[in-house]
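Asks: Please read through the structure below; I'll follow up with questions.
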Amino acid sequence: LLLLIFDAFQKFLYIQLLSLFAVLYASFAYVDSVDSSLAADTMGGIAAAMQIVSLAGGIYEIKRAVSMGTTEYIPASMQFAIFLLTAQWSLFGYLAPNPYIMV
């Protein structure tokens, strides 16, 4: 039974890694196909979108915390990541100066 679980986990890991490499390849191929004067802006847009999409993984944890009425089960790494991401965007908004990003 343990061997079957390990095999299933290993196959899932391979699928995740293959998907990651496919997305990275597609992203860089797309940026390479864009005019060189727009390549940096295009990669910046992709990076910003991926950073926002990465926050979607924590929605389940936040939903669970709200339904349980406690933040006890939210991983500390997620709390620190959200804090650092918020601080980063606030600092960027302050330095830009763009009050909409800062807030």
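The values are calculated or read from the model by the stated rules, or taken from the named source; none is laboratory data. The structure presented is a predicted model; accordingly, all values stated were derived computationally and were not measured. Note: ideal-geometry Cβ built from the backbone for every residue, glycine included; neighbour counts use all protein chains shown. Heads up: the accessible areas ignore ligands, DNA and RNA and are worked out on the full protein's heavy atoms, side chains in. Shrake-Rupley method; radii C 1.70, N 1.55, O 1.52, S 1.80 Å.
Asks: Provide the per residue accessible area, probe 1.4 Å, for the chain, rounded to a whole number of square angstrom.
Replies: On the way: 8610 Å² over 103 residues.
Here the per-residue accessible area is 84 Å².
Asks: Same structure, new question: Taking θ as phi - 60°, what are the ³J(HN,Hα) couplings along the stretch 73-82 by the Karplus curve (6.51, -1.76, 1.60), each to the nearest whole Hz, with x for Gly and Pro?
Replies: Residue by residue, the stretch 73-82 yields 9, 7, x, 4, 4, 5, 4, 5, 5, 5 Hz.
Asks: Charges on Cβ only, +1 for Lys and Arg, -1 for Asp and Glu, centred on the Cα centroid of the chain; of TYR94, ILE52, ALA65, which one is farthest towards the dipole's positive end?
Replies: Looking along the dipole axis, the top candidate is ALA65.
Asks: If you roll a 1.4 Å probe over the chain with all protein chains in place, what percent of the accessible area is carbon or sulfur?
Replies: Values: 6340 of 8610 Å².
That share works out to 74 percent.
Asks: Apply the a/c threshold of 1.5 to the C-alpha gyration tensor of the chain and tell me whether it is rounded, prolate or oblate. Before the final figure, lay out each step's value.
Replies: Working: a/c = 3.59, a/b = 1.14, b/c = 3.16.
Judged from the Cα gyration tensor, the chain comes out oblate (a/c at least 1.5, b/c at or above a/b).
Asks: Measure off 7 Å from each Cα along the Cα-to-Cβ vector at GLN79 and TYR30, then give the distance between these two points in nanometres to one decimal.
Replies: It works out to 3.6 nm between the two label points.
Asks: Can you give the accessible area of ILE52, probe radius 1.4 Å, in Å² rounded to 10?
Replies: The value for ILE52 is about 120 Å².
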